[in-house]
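Contents: one structure, followed by commentary.
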Amino acid sequence: MNARPFLDTNVIVYAFGSDDPRSARAEALLAAGGVISVQVLNEFVSVARRRQERGWDEIDAAVDVLKVLLDPPLPLTVELHDAARSIARDRGFSIYDSLIVAAALQARCSILYSEDFQHGQTIGQLTIRNPFIE
């Protein structure tokens, strides 16, 4: 079991946000280290560009910080996709949420920090924690 938690995209977005009460908690989680996937990087870039209208230099700097503070991102593979489809089918999650869960399970993390799932829910050895309500 990996002692380092898996961080969902919303944690990363809040860590680089401003004027959001969740930012301080997200920054602390990021500073403590953890695991993400390439999907999390892709989603972060998408949110930063489309919703937050950030420039590429700012996004590049944020991704560079993630590469320093966190473990190397898990790649998106066909095996991960297959596992995510199974999770989506069994749990009724979207394929994108299922990819997050599948990556956390593949990394053997015991905690997935996210606000997108039911707090306290378990999937295999993985426990979902919403760090913004604790």
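The values are calculated or read from the model by the stated rules, or taken from the named source; none is laboratory data. Just so we're clear, the structure is a prediction, and the values are computed from it rather than from any experiment. Don't worry about glycine lacking a Cβ; one is built from the backbone with ideal geometry, like all the others, and counts go over all protein chains shown.
Yes/no matrix, rows are residues, columns are (1) of a type in the set (A, V, I, L, M, F, W, C); (2) out of contact with any helix residue (DSSP H, G or I) (no Cβ under 8 Å at 6 or more places or on another chain); (3) free of Cβ contacts under 8 Å to residues at least 40 places away in the same chain; (4) not in a loop (DSSP other than H, G, I, E, B):
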residue: Pro72; (1), (2), (3), (4): no, yes, yes, no
residue: Ala84; (1), (2), (3), (4): yes, no, yes, yes
residue: Ile87; (1), (2), (3), (4): yes, no, yes, yes
residue: Leu99; (1), (2), (3), (4): yes, no, no, yes
residue: Ala102; (1), (2), (3), (4): yes, no, yes, yes
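Just checking, does region 99-108 include any residue being on the phi > 0 side of the Ramachandran plot and at pLDDT 95 or above? The answer is yes, given that some residue of region 99-108 is on the phi > 0 side of the Ramachandran plot and at pLDDT 95 or above.
Among residues belonging to region 69-96 that are aliphatic (A, V, I, L, M) and within 16 Å of the chain's Cα centre (by Cα), point out the one that is surrounded by the most Cβ atoms within 10 Å (Cβ to Cβ). Let's see the steps before the verdict.
Step one: filter region 69-96 for residues aliphatic (A, V, I, L, M), giving 69-70, 74, 76, 78, 80, 83-84, 87-88, 95.
Add one more test, that the residue is within 16 Å of the chain's Cα centre (by Cα), and what stays is 69-70, 74, 76, 80, 84, 95.
Values: Leu69: 15, Leu70: 20, Leu74: 20, Leu76: 16, Leu80: 20, Ala84: 25, Ile95: 13.
Residue satisfying both the conditions and the ranking: Ala84.
For region 13-31, the set of residues classified as exposed (fewer than 13 other Cβ atoms within 10 Å of the Cβ), free of Cβ contacts under 8 Å to residues at least 12 places away in the same chain and assigned to a helix (DSSP H, G or I) consists of Ala24, Ala28, listed by residue number.
Being in contact with a strand residue (DSSP E or B) (Cβ under 6 Å, 6 or more places away or on another chain) and either over 21 Å from Ile100 (Cα atoms) or surrounded by fewer than 19 Cβ atoms within 10 Å (Cβ to Cβ) (or both) is not true of Arg50.
Take Ile111 and decide whether it is among the β-branched types (Val, Ile, Thr), in contact (Cβ under 8 Å) with a residue 40 or more places away in the chain and under 27 Å from Ser18 (Cα atoms).
On the way: among the β-branched types (Val, Ile, Thr): yes; in contact (Cβ under 8 Å) with a residue 40 or more places away in the chain: yes; under 27 Å from Ser18 (Cα atoms): yes.
It is true that Ile111 is among the β-branched types (Val, Ile, Thr), in contact (Cβ under 8 Å) with a residue 40 or more places away in the chain and under 27 Å from Ser18 (Cα atoms).
Only one of the numbered conditions (1) in contact (Cβ under 8 Å) with a residue 40 or more places away in the chain; (2) in a loop (DSSP other than H, G, I, E, B) is violated by Gln118, and that is (1).
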